[in-house]
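The numbers here are math on the coordinates, done by the rules we state, and not lab data. Everything numeric in this text was worked out from a predicted model, so none of it was measured. When we count neighbours, we look across all protein chains shown, and the Cβ atoms used for this are built from the backbone with ideal geometry, even at glycine.
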Amino acid sequence: MLDVYENQAFGLLGLNGAGKTTILKVILGFIHPDAGTVRILNGKIADQSVRNQIGYLSELPYFSRQHTGRELLEYFGALHGLGGKTLKSRVDEVLELVRMTKPAKDKVSGYSKGMLQRIGIGQALIGKPRLLICDEPMSGLDPVGYKEMRDIFLDLKKTGTTLFLNTHILDEVERVCDRIGIIHEGVLKDVAPISKVLGSSLPVDYWIDVDKSEASKLSQLPFRESIHKNGGVQIPGLVLNETLALLNSRGAKVLGVRPLSSVVEAYFLNAIGKPIDSFASHRGES
Amino acid sequence: MKRVLTVAVFTFRELIRSNILIVWVCSVIGICGLSYLLSILSYGDALKIFTDLGLAGAELAGWMVLLLSLAVSYNTEMDQKAIFLQLAKPVSRGEYLLGRVFGFFTMNLLVILGTVAVLVFMVLVVNGSMPSYFWSSVFFMVLEMLVLTFLGLTYQMIATSMVRVVLYTFFTIILGRLIDEIQWLLEKQHAPILKFILTLVYYCLPNLDLFNLKDRIYDPTLVLGWTQWQEVLIYTFAYSAVVFIIGWISLEKREFR
């Protein structure tokens, strides 16, 4: 059973084809489940009163190309039962929120992928949803758009909106979500609070850069995963301190240390049965 | 009802801003040119030529715009999945379908009435007057378009590709016009399986001949009484209602993967 609690952000993680979008489509009533039921906001998705409290953003949303951004938001707002001045002011508010006020008068046929994504999130927010469901919301966004979208999510969390994010961007999950679920090959493998994930002692690999002239000293390290000829070594996180001390004792100048994966990534890979060690040979250049 | 209207306005705006109307403009120009040419050759029968060609052209333009609208709409709504975001909103699938039908129908109404307006203008230019039953035949044409719009949108809810929707609608128009011939075949048929198939086809297809008044407006024996009006109106709304219910059920059952 998968529970998503009110006023929290839930992130559903999974590889491509794991079944994340299928779960969303079942929740939204686009696909009928083979077994089981979905209860949402104390009701069923078929109830219009329930759908009135939900915002949904599909992956790479598509709109009729003949309308302007404003007209689209007015249309979706009207479907939520808004009208007159209330609709107009809500549309202005949402356009401001998604930074689309200026291009809103243009037809969406001229919009970039990122702008379409912003209008997409705008239509999802137009009805002031209690629950916002997003399928890969960061798709097609540039780094600035990515940050803005994340800020929108964090602001929505503050206002008490429940978020259900389908994603494979682990950084987004780490910064926004309170709980995560991991799905693999159609099976829900794990559900955990993000605090538990971040506090887990799973191995994370690190990359240590040393001066090129001292690259030969790296080959003598006992726990190395891979070595770069220009002076870099990948080591498991568990032996990070030990390795740094060893390099120091041998007089090697350490230029920098950086993690090669996040704890969330390690947790995720572990949950789907592909622990981080099995990926180690693919990282760095030997 | 407010949501139905919202969907209808959105659909109409989508269709009218697309390039579909170019087809209509081309049709009108073609009809005008052909009517003028034939009226010169017809030695005194110009009015009949104008009305015959004009009404046929209005109907043809309506069919073409319907087929193109269905193709464009299927691509946007189903292939590109624009329907997803709409069905996630608090609008029932029945409201959505009805709104789409009204949006399409308004577009077709505009095309038919626009063509008829050009026709009336041309008739006035040659100092003619409209034959009796002219407006009745236009009204029947509009009713026919209503039935076909319901059918086309229902096909859109059932079919799995744009080509199929267009083909189903196209063949419905053709066979619907041949309903008398199908009935004749049915009466001549003795093989039980063929008879059953023909009976099925006969009752499922819309009887478009019922709406074809335009071919008879110069028939001096034509009398259109209240009974015929009742028959046509009841048929239109009953057939449309049944088709709408089928479309609604199909949309409710349809999965969007």
**Prompt:** Mind checking which helices in chain B clear 24 Å along their axis (Cα) and have mean Kyte-Doolittle hydropathy of 0.5 or more, DSSP H runs only?
**Reply:** B:20-41, B:46-74, B:93-125, B:134-158, B:226-253
**Request:** Note down the net charge around A:Arg70, summing +1 for each Lys or Arg and -1 for each Asp or Glu among other residues with Cβ under 10 Å from its Cβ.
**Result:** -2
**Cα long-axis angle, helix A:240-249 against chain A (0 to 90 degrees, to the nearest 10)** = 40 degrees
**Prompt:** Given +1 on the Cβ of Lys and Arg, -1 on the Cβ of Asp and Glu, and no further charges, what dipole in debye does chain B carry about its Cα centre, rounded to the nearest 20?
**Reply:** 920 debye
**Asked** Hey, got the average number of other protein chain Cβ atoms within 10 angstrom for residues in B:66-78?
**Response** 1
**Fill in**
Summing -39500 (n - 2.57) over every DSSP H run of at least 4 in the protein assembly as shown, dividing by its residue total and rounding to the nearest 500, the 222 nm mean residue ellipticity is -18000 deg cm²/dmol
**Fill in**
Candidate cut points under trypsin sites (Lys or Arg not before Pro) in the stretch A:61-148, DSSP loop plus at most 15 other Cβ atoms within 10 Å of their own Cβ, are A:Arg99
**Complete:** The answer for A:Leu163, listing residues at least 5 apart or on another chain whose modeled amide H is closer than 5 Å to its amide H, is A:Gln8, A:Ala9, A:Phe10, A:Leu132
**Message:** Placing +1 on the Cβ of each Lys and Arg and -1 on the Cβ of each Asp and Glu in the protein assembly as shown, which of B:Leu60, B:Leu5, B:Leu47 has its Cα farthest towards the positive end of the resulting dipole?
**Reply:** B:Leu5
**Request:** Quote to one decimal, in nm, the extra length available between B:Gln189 and B:Ile40 on full extension: 0.36 nm per residue of separation minus the C-alpha distance between them.
**Result:** 49.0 nm
**Which of A:Glu148, A:Glu242, B:Glu14, A:Glu74 has the fewest Cβ neighbours within 10 Å, and the rest in rising order** = A:Glu242, A:Glu148, A:Glu74, B:Glu14
**Prompt:** Viscosity 1.567 mPa s, temperature 4 °C: Stokes-Einstein D of chain B from its Kirkwood Cα radius, in µm² per second?
**Reply:** 66 µm²/s
**Asked** Hey, could you pull the Cα Rg and Dmax for chain A, both in Å?
**Response** 23.2, 75
**Message:** Using alpha carbons only, how many angstrom separate the centre of the stretch B:170-234 from the centre of the stretch A:152-215?
**Reply:** 66 Å
**Asked** What is the set of long-range amide H partners of A:Ile126 at a cut-off below 5 Å, with H atoms built 1.01 Å from backbone N?
**Response** none
**Asked** Exposure proxy check: A:His80, A:His168 ranked by fewest other beta carbons within 10 Å?
**Response** A:His168, A:His80
**Request:** Would you mind calculating the relative contact order of chain A from Cα pairs under 8 angstrom and at least 6 residues apart, reporting the percent as a whole number?
**Result:** 21 percent
**Prompt:** Applying the Karplus parametrisation 6.51 cos²θ - 1.76 cosθ + 1.60 with θ = phi - 60° to the phi angles of the stretch A:26-35, what ³J(HN,Hα) value in whole Hz is obtained for each residue in order, glycine and proline being reported as x?
**Reply:** 5, 4, 8, x, 7, 10, 7, x, 5, 8
**For the stretch A:75-207, convex hull of alpha carbons as volume per residue, Å³** = 154 Å³
**Asked** How large is the charge dipole for chain A, taken about the Cα centre, if only the Cβ atoms of Lys, Arg (+1) and Asp, Glu (-1) carry charge, to the nearest 20 debye?
**Response** 620 debye
**Message:** If neighbour count is taken as other Cβ atoms inside 10 Å, put A:Ile183, B:Ile249 in order from fewest to most.
**Reply:** B:Ile249, A:Ile183
**Item:** Residue among B:Ala61, B:Ala117, B:Ala191 with the largest mean-square fluctuation in a Gaussian network model of chain B, springs linking Cα atoms under 10 Å
**Value:** B:Ala191
**Message:** Quick check on my link table: of B:Lys89/B:Lys253; A:Lys102/B:Lys2; A:Lys107/A:Lys158, which ones sit more than 23 Å apart, alpha carbon to alpha carbon?
**Reply:** A:Lys102/B:Lys2; A:Lys107/A:Lys158
**Fill in**
Projecting the Cα atoms of A:Leu269, B:Tyr155, B:Ser35 onto the charge dipole of the protein assembly as shown, where Lys and Arg contribute +1 and Asp and Glu -1 at Cβ, the residue farthest towards the positive end is A:Leu269
**Prompt:** In the stretch B:1-80, which chymotrypsin sites (Phe, Trp or Tyr not before Pro) are in a loop and have at most 15 other Cβ atoms within 10 Å, using DSSP for the loop call?
**Reply:** B:Tyr43
**Request:** Would you give the gap between the C-alpha center of the stretch B:1-43 and the C-alpha center of the stretch A:1-32, rounded to a whole Å?
**Result:** 45 Å
**Request:** Mind pulling up the Rg/Rh value for the protein assembly as shown? Radius of gyration and Kirkwood radius, both on Cα.
**Result:** 1.15
**Item:** Percentage of interatomic Cα-Cα distances in the stretch B:57-200 larger than 28 Å
**Value:** 36 percent
**Request:** Taking the Cα centre of the protein assembly as shown as origin, work out the dipole magnitude from +1 charges on Lys and Arg Cβ and -1 charges on Asp and Glu Cβ, in debye rounded to 20.
**Result:** 940 debye
